[in-house]
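The values are calculated or read from the model by the stated rules, or taken from the named source; none is laboratory data. Owing to the predicted nature of the structure, the values given are computational and were not obtained by experimental measurement. Cβ atoms come from the backbone with ideal geometry, glycine included; neighbour counts cover every protein chain shown. Side chains included, ligands, DNA and RNA excluded: accessible areas come from the protein's heavy atoms. Shrake-Rupley method; radii C 1.70, N 1.55, O 1.52, S 1.80 Å.
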Amino acid sequence: LAETIPAGLLEQLRLPDLRTSIRHLHRPTDDDELTALAEGRSCYHQRLAFDEFFHLQVALAQRRTSRRANPALPVPRPPDPQALAGAILPFEPTAAQRRVIDEIVADLTGPQPMARLLQGDVGSGKTAVAAVAALAAARAGLQVAFLAPTEILAEQHRRTLAGLMPRAGIEVGALTGSTRARDRRQMLARLASGELPLVVGTHALLQPDVVFSRLGLVVVDEQHRFGVLQRAALAERGPLIGDGLRAVPHQLVMTATPIPRSLTLTLYGDLALSVLDELPPGRTPIATAVLRQEEGDRFYREIATELATGGRIFVVYPLVEESEKLDLANATSGAEALRHRFPEAGVTLLTGRMKGAEKEAAMAAFASGRSRVLVATTVVEVGIDVPQASGMVVVNAERFGLSQLHQLRGRVGRGARASRCLLVHGGAGGVEAWRRLKVMEQTNDGFRIAEEDLAIRGPGDLLGTRQAGLPSFAFADLMRHGRLLEEARRAAQAVVERDPGLALPEHAALQRALAEQYRTRLALLRGG
């Protein structure tokens with residue numbers, strides 16, 4: 001067994017060496033506390049948990065160092081970064097937005113590519129901040145690619161940016177799977193020539209024939225929905241700057257799902273972190289209630305009350321159509337039932353299976369008020385902005401994670417009208433599922449909800465992190481070992497700052513361990 005932790009660090013953390021830890025875990029002595037061993041709380045378990053955190057954090061620190069060695073096209077520092085916001089935003093930014101804009105502009109002006117995670121709760125104004133970053137890059141003659149996982153979200157971003165950027169003379173284009181062939185050819189030509197400064201798109205932007213003239217900034221929204229190789233694709237499309245060397249575009253990664261700090265340091269440990277921890281004025285608190293499916297009368301009463309007072313309502317179902325395998329409510333049948341019950345409400349249906357034009361028509365009807373009830377699947381989880389919507393009903397809510405329910409709830413409460421969210425428990429999961437849903441009644445704080453979600457579901461399920469590249473831990477626990485993770489991060493940074501390539505003899509065992517455990521996976525983990 002080769003010791004990979006520097007001896008001085010073990011003494012500082014008061015952790016046993018590796019051999020001692022393994023010996024006591026397999027053959028406890030009379031002096032060992034058996035309860036602590038059985039529950040995984042012993043100092044030997046903590047030592048092995050620290051190993052897992054430390055190895056990962058060293059690999060992430062090396063990746064940060066490696067990224068800093070890449071060249072980027074720097075953006076000239078504006079005399080007043082906040083003036084950028086004033087040029088396009090029709091409102092006064094919050095203090096949190098001003099702070100984050102300063103952080104991003106400082107990164108953009110450097111010679112190394114920015115790699116920053118922008119995290120904020122629902123409605124905190126992430127898109128506005130990204131628009132300011134895009135303006136800074138576009139004014140410097142660089143192109144910006146804004147990547148979204150779905151056409152609905154891409155269209156929402158296009159509309160938002162198209163309402164902001166022309167104030168500063170910046171044109172916004174869009175490229176998705178639904179773009180017509182002739183329009184696509186024109187778009188590709190304008191991107192290749194550099195004529196189009198900003199394009200919003202889906203996976204269509206990742207196709208090999210999409211060529212940029214001077215791609216300088218990539219904004220990735222809901223980035224955990226993209227595969228690692230897909231995320232890397234745009235990072236390789238920066239302009240040539242001589243001797244076959246390409247500049248690496250700056251990258252701003254956004255997530256609308258608040259993530260616990262422990263998971264952030266594990267999944268995104270190689271990214272600088274900006275947090276929008278303040279909501280803009282005018283966001284009204286959302287009252288949430290949980291009810292059982294048997295309370296069907298109350299379900300319809302709540303909808304009738306909202307409609308009678310002029311509200312518009314989302315009704316979300318877990319399935320599009322009836323399933324023989326799953327005993328769950330579905331959107332198609334739900335829409336029919338609601339049309340029968342509320343014929344004057346203009347009930348419309350929106351699912352991911354519909355064609356682009358059908359989706360747009362359904363959303364347009366709801367946004368204009370011609371339809372006052374929009375029945376949907378989780379296609380409305382992000383990117384839907386209808387300030388007049390004041391009611392959210394989620395059927396079979398126990399089938400969704402807390403963070404996902406928080407996202408759905410965030411579709412309302414965007415206007416002056418008081419808003420309400422109704423979570424209908426279908427009975428699955430029993431008392432535990434009911435207790436979990438009641439958390440939503442107690443708080444609107446997305447970060448607290450994310451902590452609860454992590455504790456209940458574990459990191460493997462939260463955010464789909466299995467596909468996002470979260471390494472499997474045998475001993476480390478993100479909820480129990482938060483202090484160890486912080487210690488491992490500090491220790492890893494110190495090691496890599498002193499010896500970036502782990503070339504010193506004292507780091508030989510650590511170098512071998514990383515090569516065995518993480519090297520291939522971490523090469524892809526952040527995708528550029």
### Task
Look at I313 and say whether it is in a helix (DSSP H, G or I) and open to solvent by less than 10 Å² (accessible area, probe 1.4 Å).
no
### Task
Return the residue satisfying two criteria in turn: it lies in segment 155-169 and is surrounded by 18 or more Cβ atoms within 10 Å (Cβ to Cβ) and free of Cβ contacts under 8 Å to residues at least 60 places away in the same chain, and of such residues it is nearest to E222 (Cα to Cα).
R158
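Scan segment 141-154 for residues that are out of contact with any helix residue (DSSP H, G or I) (no Cβ under 8 Å at 6 or more places or on another chain) and surrounded by fewer than 24 Cβ atoms within 10 Å (Cβ to Cβ) and report the count.
Number satisfying all stated conditions: 2.
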#### Entry: Exclusive hit being modelled with pLDDT under 90 and either in a strand (DSSP E or B) or closer than 30 Å to I449 by Cβ (or both), set V100, V122
V122
### Query
Could you list, in sequence order, the residues of segment 109-142 that are under 23 Å from D385 (Cβ atoms) and among the β-branched types (V, I, T)?
V122, T127, V129, V132
### Query
Which one is farthest from the chain's Cα centre (by Cα), of the residues in segment 400-431 that are surrounded by fewer than 17 Cβ atoms within 10 Å (Cβ to Cβ) and touching a residue at least 24 places away in the same chain (Cβ under 8 Å)?
G427
### Query
Hey, among P74, P93, P81, which residue is of a type outside the set (F, W, Y), open to solvent by 20 Å² or more (accessible area, probe 1.4 Å) and more than 23 Å from D17 (Cβ to Cβ)?
P74
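Here's the yes/no breakdown for (1) at pLDDT 90 or above; (2) assigned to a helix (DSSP H, G or I); (3) open to solvent by 60 Å² or more (accessible area, probe 1.4 Å); (4) farther than 30 Å from M254 by Cα:
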{"residue": "T332", "(1), (2), (3), (4)": "yes, yes, no, yes"}
{"residue": "L338", "(1), (2), (3), (4)": "yes, yes, no, yes"}
{"residue": "E344", "(1), (2), (3), (4)": "yes, yes, yes, yes"}
{"residue": "E360", "(1), (2), (3), (4)": "no, yes, yes, no"}
{"residue": "L374", "(1), (2), (3), (4)": "yes, no, no, no"}
### Search result, residues across segment 480-504 that are among the hydrophobic types (A, V, I, L, M, F, W, C), in a loop (DSSP other than H, G, I, E, B) and in contact (Cβ under 8 Å) with a residue 24 or more places away in the chain
L502
### Query
Got at least one residue in segment 182-191 being under 22 Å from G216 (Cβ atoms), touching a residue at least 40 places away in the same chain (Cβ under 8 Å) and touching a Pro at 6+ places or on another chain (Cβ under 7 Å)?
no
### Task
Check segment 66-75 and report whether any residue there is assigned to a helix (DSSP H, G or I), touching a helix residue (DSSP H, G or I) at 6+ places or on another chain (Cβ under 7 Å) and either more than 27 Å from E155 (Cβ to Cβ) or modelled with pLDDT of 90 or more (or both).
no
### Task
Identify all residues within segment 346-358 that are open to solvent by 50 Å² or more (accessible area, probe 1.4 Å) and touching a strand residue (DSSP E or B) at 6+ places or on another chain (Cβ under 9 Å); write none if there are none.
E358
### Message
Kindly evaluate D183 against the criterion of being surrounded by fewer than 15 Cβ atoms within 10 Å (Cβ to Cβ), at positive phi and not polar (S, T, N, Q).
### Response
no
### Message
I'd like the full set of residues that are surrounded by fewer than 19 Cβ atoms within 10 Å (Cβ to Cβ) and assigned to a helix (DSSP H, G or I), limited to segment 363-372.
### Response
A364, A365, A367, S368
### Message
Quick test of your reading of the structure: S274 fulfils all but one of (1) modelled with pLDDT of 70 or more; (2) under 24 Å from A140 (Cα atoms); (3) not in a strand (DSSP E or B). Name the failing condition by number.
### Response
(3)
### Query
Would you pick out the residues in segment 1-43 that are open to solvent by 70 Å² or more (accessible area, probe 1.4 Å), outside any helix (DSSP H, G or I) and more than 27 Å from A492 (Cβ to Cβ)?
R27, D30, D31, E33, E39
### Query
Can you tell me which residues in segment 383-399 are out of contact with any strand residue (DSSP E or B) (no Cβ under 6 Å at 6 or more places or on another chain) and open to solvent by 10 Å² or more (accessible area, probe 1.4 Å)?
G383, D385, P387, R399
